[in-house]
Amino acid sequence: MGKLGFGLAVSCAVATCAIAAIIVSKRVKSRRKWNRMVGVLKEFEDGCSTSISRLRQVVDAMAVEMHAGLASEGGSKLKMLLTFIDNLPHGNEKGTYYALHLGGTNFRVLRVQLGGEGSGILGHEVERQPIPPSLMTSTSEDLFDFIADTLNQFIEKEGNGFDLPPNERRQLGFTFSFPVRQTSANSGYLVKWTKGFSIKDLVGKDVTACLEESLVKIGLDIRVATLVNDTVGTLALGHFHDEDTVAAVIIGTGTNACYVERTDAIIKSQGLLTNSGGMVVNMEWGNFWSSHLPKTSYDNDVDAESPNPYDQGFEKMISGMYLGDIVRRVLLRMAQESDIFGELPSSLSVPFILRTPLMAAMHEDDSPDLREVARILNDTLQISDVPLKVRRVVVRVCDVVTRRAARLAAAGIVGILKKIGRDGSGGISSGRMKSGVESSSTKMRRTVVAIEGGLYLSYTMFREHLNEAMTEILGEEVAQHVILRVSEDGSGIGAALLAASHSSTSSSSSSSSSNVNRVR
């Protein structure tokens, strides 16, 4: 080999080594970035841990906070609001009843026909009406005039089959899904607006009185028999079908729960008397908080950047409004620590761009190549050509967020059961643990919890995680006696049923006075 040939060979060898060194360097850097991403995931998984011991701590904390909220106003993060609902529908109600549901940018008008003993619900009609945006910030008079006029038009369309007997008034259940402090079963004062409403002159006013003024103005003779929130309506519908229903939970965009409590356990209202000895309590459990909840830095960021920081802490960890955005924040941190998505996508910095239904679709993608994950990343986040192993990481993040939310929701439900002695342990009653004899007899009692809300109804993985956690916490022996039953449209139909059970003209009103007592 000549000098020239030798020089070329050396040059090629050097070049080859240099290229190899570059490739190795890139692989090392890529591995380091991937490991940083894995570190982010591992840290997040550890922070979201919901071991059975931690869940039982949450159960205990929920029961204790419930007791504190019943003992005094402001004694707990849980408001434990009295609803004055002491008669739940039980299936004997008969007649035609109406409902209004105002809970967001739409409201609904319903008519429900009840057939009496053994007949159940004969039929119902629903009309949905969007709230004009201008009315959401106008005056209470403008809003309720609009609602009253819509109700009147709905009634005017009725045929002859809905004629009332002489001297009878139509009865209405009003579901008003905003914070209200009740003063009776059919009256209450608005505490504050949420969901984009800001009608200042209604805050502190009796919601029912404002509606009735508008009804009188147009000559519509209808009595507002009950004022409730959607959770109470769900409980009513559940109890109508099954008298072992003692609690209701809504897990959707937001979350809340209510249950039947003994009147003598409501210490902050010892002078309050009901015929039945029981009353439905609206927990407003979205505001529950405990040091045992597995909160992460991502939760802190969600809270700090929300319109209501340091408020609704439980809701921000378990409801559909927030789960998708928690996933987005984790993916953003991963993208900042590594190049799993290539150049940092600007879309990942947009709050709530990844809605929970999209997160659920990615989580439940069972295709071998996770094509639905790829589609959503491309269409919603403008992130294309994502490798399969990265798509698997995205699914894993979705599972961590969903699993934590579902298991915490399960712990909340068991907390309610513990408070009323339906978890097999005897529970907390008037600040004292029940005796062993009561615990033994209560342990095997059949208990139904009505559940409504899209997160539970439509998200299979969420539902499976929640049901699995219920069994883990309660144990199989007790869990087989606790039934979680879907109760669709309790906010509408349930309100009409409550109008029936609290109606002055209902044929069943006299027979239902001990209804809540039988629920317990």
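The values are calculated or read from the model by the stated rules, or taken from the named source; none is laboratory data. On a predicted model such as this, the values are computed, not experimentally measured, just so you know. Note that we place each Cβ from the backbone using ideal geometry, even for glycine, and neighbour counts take in every protein chain shown. Surface accessibility is based on the protein's heavy atoms, side chains included, excluding ligands, DNA and RNA. Shrake-Rupley method; radii C 1.70, N 1.55, O 1.52, S 1.80 Å.
Observations, loosely collected:
- Here segment 95-144 exposes an accessible surface that is 48 percent carbon and sulfur, computed with a 1.4 Å probe and the other protein chains kept in place.
- Sorting the segments 389-400, 321-332 by their mean number of nearby beta carbons within 10 angstrom, highest to lowest, gives 321-332, 389-400.
- Peptides ranked, highest mean first, by Cβ atoms within 10 Å: ranges 303-310, 223-230: 223-230, 303-310
- For segment 211-257, the relative contact order is 25 percent, taking Cα pairs closer than 8 Å that sit 6 or more residues apart in sequence and dividing their mean separation by the residue count.
- Distance from segment 216-258 to segment 348-366 (C-alpha centre basis), Å: 31 Å
- When peptides 313-319, 150-156 are sorted by average Cβ neighbour count within 10 Å, with the highest value leading, the order is 313-319, 150-156.
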